[in-house]
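Visitor: This is the structure, below, for whatever I ask next.
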Amino acid sequence: MTWRLRSAATLWAFGVVALSGCTSDTPLAAPTTAGTTPAATDDAPPTLTSTQIIRLPAAAHDAVIPGLLTAPAEVAQATAHRLRRDAPLFGADRRTPIARLPAHDFLAERTVVTAIRAEGPWTLVLTPARSILPSRATAADPAPAQTAAWLPTAFLGAPGRLTDRIEISVSAQTLSIFQEGAATRTFPVGVGTPATPTPTNVTGYLQARYRDPDQGQIEHRIQLSSLHATGADEPYAGDDGGLIGIHFQETATGAVSHGCVRMDEVGISAVDALPLGTLIAVVE
C-alpha cells in the first residue's frame with residue numbers, strides 16, 4: 001500500500017508551530033562553515049532573509065511544487081546530510097526560489113537530505129515532494145516518482161558517506177542490499193498490483209522511519225521512501241501524497257499492494273539497519 005501518515009502528521013504539525021516563529025528580516029546568504037566564504041561568482045545563491053524563506057511553500061511529502069526537477073533515473077553516488085536550517089530550493093535557473101526544505105520533518109526530527117551532485121556553491125538534492133499530480137499529468141508531461149532541486153550547499157550539514165544502497169526489482173519481486181557495488185543480501189518482497197503499481201526506473205531515498213499503531217505497525221518501523229505513486233494521486237486514499245513505503249506485512253510476496261513494498265520480519269529488520277538517506281533504486 002502507499003502509506004498514510006496519520007500519527008506522524010500530528011508531530012509534523014507540532015514541528016511547524018515550533019519553527020514558524022523563527023523568522024528574521026536580516027538578509028541572509030547561505031550560512032558558511034568555519035574557514036569558508038561565499039563564492040563571489042555570478043552563480044552564487046541569491047541572498048534571502050529568514051522571512052522570505054519561511055514564506056516559501058514547504059517541499060513536504062504531500063506537497064506539489066511546480067518547478068521541481070525530475071530526478072535522474074540512476075544515481076551512482078550520494079551523501080546524506082542534516083539541514084542547518086530551513087533551506088530554499090531552486091529549479092533549473094537557480095535564480096528564483098520555488099520552495100523550502102524544512103529543517104525538521106513531519107516527525108519533528110532533523111531533516112535528512114540526500115545530495116547527488118555538487119556544482120560550485122550549489123548541490124542537487126532529492127526532495128520528498130511532487131512536481132505534478134498524476135491526475136494532471138499528460139504523456140508529454142508525466143508525473144515523476146522522484147523530484148530534485150538545487151539547494152545552496154552551505155545550508156547542508158557535514159556529509160555522511162552512503163556505502164549501502166537498496167535495489168528493488170518489481171518483476172523479480174526482490175529487494176537487494178548492495179554494499180560498495182556488490183549485493184550482500186536479497187529478500188523476497190510484495191509489490192504493487194497492476195492497477196496500483198510500484199513505480200520503476202527511478203531512484204529515491206529513505207527519508208524517515210517510525211512506528212504507527214494506528215496502522216498495525218508496532219514492532220517493525222515503517223521505512224518511508226521519498227518516492228510517490230505515478231498511477232494515481234492517492235492509491236490508498238487518505239492524504240499521504242501517494243508515498244511509497246517499505247514495511248512489514250505477513251503477506252510479503254506477490255503483486256499485492258497499493259504500490260508499497262512489503263517485507264517479512266528478517267527483510268524489514270535489515271532495511272531498518274540502514275542509515276537514512278540511503279538510495280533506493282526501483283527497476284522493472
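Visitor: Can you tell me, using C-alpha contacts under 8 Å and at least 6 residues apart, the relative contact order of the stretch 75-201 as a whole percent? Don't jump to the answer; show the numbers that get you there.
Guide: Details: 219 pairs, mean separation 28.1, N = 127.
Worked out over the stretch 75-201, it gives 22 percent.
Visitor: Here is a further query. May I ask you to derive the relative contact order of the stretch 164-283, considering only C-alpha pairs under 8 Å and at least 6 residues apart, and to give it as an integer percent? Write out the running numbers ahead of the final one.
Guide: On the way: 290 pairs, mean separation 41.3, N = 120.
After rounding, I find 34 percent.
Visitor: Determine the relative contact order of the stretch 159-208: mean sequence separation of Cα pairs under 8 Å and six or more apart, normalised by residue count, in whole percent. Don't skip to the answer; put the middle values down first.
Guide: Working: 50 pairs, mean separation 11.9, N = 50.
Once divided by the residue count of the stretch 159-208, the mean separation gives 24 percent.
Visitor: With r defined as the distance between the Cβ atoms of T138 and T253 and R0 fixed at 41 Å, what FRET efficiency is calculated, to the nearest 0.05? Could you put the intermediate results ahead of the total?
Guide: Numbers: r = 35 Å, r/R0 = 0.85.
Given R0 = 41 Å and the Cβ-Cβ separation, E is 0.75.
Visitor: Using the alpha-carbon centroid of each, what span in Å lies between the stretch 170-195 and the stretch 83-145?
Guide: 26 Å
Visitor: Let me ask something else about it. For the stretch 164-283, what class follows from the C-alpha gyration tensor (a ≥ b ≥ c being the square roots of its eigenvalues): rounded when a/c is under 1.5, otherwise prolate if a/b is larger than b/c, else oblate?
Guide: Values: a/c = 1.40, a/b = 1.19, b/c = 1.18.
In terms of gyration-tensor shape, rounded.
Rule-based calculations on the coordinates, nothing more; no lab input. Given the structure is predicted, the values throughout are model-derived calculations rather than measurements. All Cβ positions, glycine included, derive from the backbone under ideal geometry; neighbour counts span all protein chains shown.
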